[in-house]
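In what follows, a structure is listed as structure tokens, so that the remarks can point back to it.
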Amino acid sequence: MGLLRDAGVVYKPVEQIDLGPCSNESYFKADKAPRMAGFLLKIFAWFLESRIIGALLLYIVKKNNQVHKLVSNATLEEPPMFVPLHPITDCIKTDLNQQEVKQIDSDASPPERVQQAIKCIPVTSEKSLDDLKSSCFRRWTIADYSRAYSTGEITPLRVAEHFINAVRESCSPPLPMSFFINSDAEDILRQATESTLRYERGNPISALDGVLVAIKDEIDCYPYPTTGGTKWLHKFRPCTGDACCVMRLRSCGAILVGKTNMHELGAGVSGINPHYGPIRNPYNPKKICGGSSSGSAAVVSSGLCPVALGVDSGGSVRMPASLCGVFGFKPTFGCIPHSGVLPLNWTVGTVGILAATLEDAFIVYAAISGDLPSLKPTTLPPKVQFPLLNSTKPISNIRFAKYGEWFNDCSDEIRICCSNALNLLCEHYKWKTVGVTIPDIESMLLAHYVTISSECSTSLSSHMEKLNFAEIGWDVRVALRVCGAFHGKEYIQAQKMRNRQMQIHNNIFAMADVIVAPTTGRTAYSIVDDALKTGEVDCINGAALIRYQIAGNFLGLPAVTVPVGYDKAGLPIGLQFMGKPWSEPTLMHVAYAMQALCISEYRKPKVFYDLVHKN
């Protein structure tokens, strides 16, 4: 295609970019292809997979999406940055100016870290679970379960029995919710019986003992196979043990209740899986959950678990959390060991947490974060800091970077809801917003796509020749063909863009503490029947859903989404806070403050299971 070569953008040096609110840097959006599903999607996949027509189609797809102009043929002076690592130093507190934090021993065990996290959280009421029922909706939290188990008000075994019945009910027609790919009642009851005995003896392991936790089917959790949402991957890669994060939860006494459904291979944002069913949104079962950690978001939203694990490689935790009205927390790249997670990519993904409350996300973060012992540095270990959420002194002088044109590139209902929430937060805590410009956002989105596609294609390449393509969803067949269309030079170009954007974001963080934006550009859209058996390719809705999240993955930054309201149809809206590397304590303080202002307005989903008061 050399004769058709497109001219590329010449990017100016970072030091010449005006990042102020009145910058002349333009906000560029590429045109997106129309939606395809059903027979049309099959035809498109067949053409892509043909040797001659496929090559031409892939060229057109890349050209129309501005990949050639903004990435492949662009001129960038920055050297490539292949991994978004952020070294920690012992002076981290000074560098980040973190307020109201507690120093934790980096060698503490997961149960010890959970106990330290509990000490950082406001003391919960000693009321019974019956007394905690109030006029406003609330999901049961880790603290609620732990206290009820300790007093004997209910047992882990009874909750597990309620859970098993609720999952069975959720699978019933006319609209099966498709929360899980695998869930073994016998294994759940075994774990619950052991936890109940520990409480009866007065020696629970931690506050997580007996708490139900679901695991995305991209993370190893023995004895379940790890399918990645496919019908075939576990045949090539058998699960032989727990991922590090799962092992740490198990060591805290958590009851691991199964593997949640997900978008096949994480290759889409809808959560419509043609093999295991579309994961349906508890707020409206005719709507999507978002993806790809779809099932993990749905089980938390519906009350089946207070927390679940996901993997966030392109907003895959924060997006479904926002659409399902729960918290989604993605830590700094490298904060949680990736051992035992499907190696679908190496430089953009991290284990994330979906939770009913910010406190629950914090407790699980405390349990699963930290280096593997075998990978500890030879120098002094970094300081571990937890946020003192129970401090009577709120953190002060927080500055939110807000890029107005980007912030407002969403539906009117989301724009108004998120603007009102941010204004309320700043007014209540005397914090302020700083107007900024973040240039080349579309270029960063495309560079991220080149990166994740190339890594996924490389990871799966050894299996492709042995694979029966009839076992793959049609939408994923299209995705895999596109993923394999990028060459080495384009990957290098994308890593140059990563370095460039890292410098730009460092300069933004010199002006502010947190970048704020809506989590998604639209709320959950409808599940259409023509996608149930083939999946769908919906670039327009997909672009709206991932618009605000990619920097967290591409640059390895921590981020959290907080439920802040609902649209006119009653569908949840989330507000995202993205912080400096290793600024998790500050992000949690901000998210906790936002939660405090919104929690009384949280609404009960249409599909909800009360595992405490279930008859």
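Peptide packing: for 286-295, 594-603, the average count of neighbouring Cβ atoms within 10 Å per residue gives the ranking 286-295, 594-603, highest mean first.
Between the beta carbons of ILE540 and ARG201, assuming R0 = 60 Å, the FRET efficiency works out to 0.60 to the nearest 0.05. For the stretch 176-304, the average shadow cast by the Cα convex hull is 8.0 nm², which is a quarter of the hull's surface. For the stretch 451-527, GluC sites (Glu not before Pro) meeting the loop criterion (DSSP other than H, G, I, E, B) and having at most 14 other Cβ atoms within 10 Å: GLU465.
In the chain, what percent of the accessible surface is made up of carbon and sulfur (1.4 Å probe, ligands and nucleic acids excluded)? Numbers along the way, then the final one.
Working: 12760 of 23390 Å².
Carbon and sulfur: 55 percent of the exposed surface of the chain.
Towards the positive end of the charge dipole of the chain, with charges on Cβ (+1 Lys, Arg; -1 Asp, Glu), say which of SER313, ALA30, VAL83 has the farthest Cα. Farthest along the dipole direction, towards plus: ALA30.
Over the stretch 571-614, consider all pairs of different Cα atoms and compute the Kirkwood hydrodynamic radius from their mean reciprocal separation; express it in Å, one decimal. Walk me through the numbers on the way to the answer.
On the way: mean 1/r = 0.0766 Å⁻¹.
Value: 13.0 Å, from the Cα pair sum.
Beta bridges per DSSP, both residues in the chain: antiparallel share near 75 percent.
Which pairs, out of LYS330/LYS533; LYS29/LYS496; LYS29/LYS62; LYS32/LYS69, put more than 24 Å between their alpha-carbon atoms?
Details: LYS330/LYS533 31 Å; LYS29/LYS496 21 Å; LYS29/LYS62 15 Å; LYS32/LYS69 15 Å.
Beyond 24 Å: LYS330/LYS533.
Only protein heavy atoms count here; under a 1.4 Å probe, VAL317 has an accessible surface of about 0 Å².
Relative to the globular-protein estimate of 2.2 N^0.38 Å, the Cα radius of gyration of the stretch 13-73 stands at 1.66. Just to be sure I understand the curve: with the Debye formula and one point per C-alpha of the stretch 302-459, what is log10 I(q)/I(0) at q = 0.09, 0.11, 0.15, 0.18 Å⁻¹? With no solvent term, the Cα-only Debye profile gives -0.41, -0.62, -1.16, -1.46.
Charge tally around THR227: other residues with Cβ under 13 Å, Lys/Arg +1 each, Asp/Glu -1 each, net 0.
Working note: 222 nm ellipticity from helices only, DSSP H runs with n ≥ 4, each -39,500 (n - 2.57), summed and divided by the residues of the chain, gives -11500 deg cm²/dmol to the nearest 500.
At a probe radius of 1.4 angstrom, the accessible area of the chain per residue rounds to 38 square angstrom.
Accessible surface of ILE205, taken over heavy atoms with a 1.4 Å probe and every protein chain present, rounds to 70 Å². Subtracting the Cα-Cα distance of ASP107 and LEU532 from their residue separation scaled by 0.36 nm leaves 148.2 nm. Put simply, the stretch 269-368 fits an ellipsoid with semi-axes of 21, 17, 10 Å; these come from the alpha carbon gyration tensor as the roots of five times its eigenvalues, largest first. In the stretch 455-582, a dipole from Cβ-located charges (positive for Lys and Arg, negative for Asp and Glu) runs towards its positive end, and of GLN493, PRO518, VAL528 it is GLN493 whose Cα lies farthest in that direction.
Computed from the C-beta positions of LYS606 and LEU56 and an R0 of 56 Å, the FRET efficiency is 0.75 to the nearest 0.05. Each Cα pair under 8 Å and six or more residues apart adds its separation to the average, and for the stretch 218-272 the resulting relative contact order is 36 percent. Rg/Rh for the stretch 281-328 (Cα atoms only, Rh after Kirkwood) is 0.92. Put a dot 7 Å past the Cα of ARG399, heading toward its Cβ, do the same for HIS86, and the two dots end up 1.7 nm apart.
In summary, the convex hull built on the alpha carbon positions of the stretch 476-607 has an orientation-averaged projected area of 10.9 nm². Size descriptors for the chain, from the alpha-carbon set: Rg then Dmax equal 23.1, 77 Å. Put a plus charge on the Cβ of each Lys and Arg, a minus charge on the Cβ of each Asp and Glu, and nothing anywhere else: the dipole of the chain about its Cα centre is then about 600 debye.
Apply the Debye scattering formula to the stretch 422-525, with a single equal point scatterer on each alpha-carbon and no solvent, then give log10 I(q)/I(0) at q = 0.15, 0.16 Å⁻¹. Log10 of I(q)/I(0), two decimals: -0.83, -0.89.
Size descriptors for the stretch 146-249 (Cα atoms only): Rg and Dmax, in that order, 15.5, 47 Å. The charge dipole of the stretch 141-249, taken about its Cα centre with unit charges on the Cβ atoms of Lys, Arg (+1), Asp and Glu (-1) only, comes to about 200 debye. Which entries in LYS119/LYS383; LYS63/LYS216; LYS102/LYS430; LYS287/LYS430 show an alpha-carbon gap greater than 27 Å? Those over the limit are LYS63/LYS216; LYS287/LYS430.
Picking from GLY565, PRO174, SER293, whose Cα lies most toward the positive end of the charge dipole for the chain (charges on Cβ: Lys, Arg +1; Asp, Glu -1)? So the residue we want is PRO174.
The values are calculated or read from the model by the stated rules, or taken from the named source; none is laboratory data. Predicted model only: the values in this text are computed from it and were never measured. For neighbour counting, all protein chains shown are included, and Cβ atoms are generated from backbone atoms with ideal geometry for every residue, glycine included. Only protein heavy atoms, including side chains, enter the accessible area calculation; ligands, DNA and RNA are left aside. Shrake-Rupley method; radii C 1.70, N 1.55, O 1.52, S 1.80 Å.
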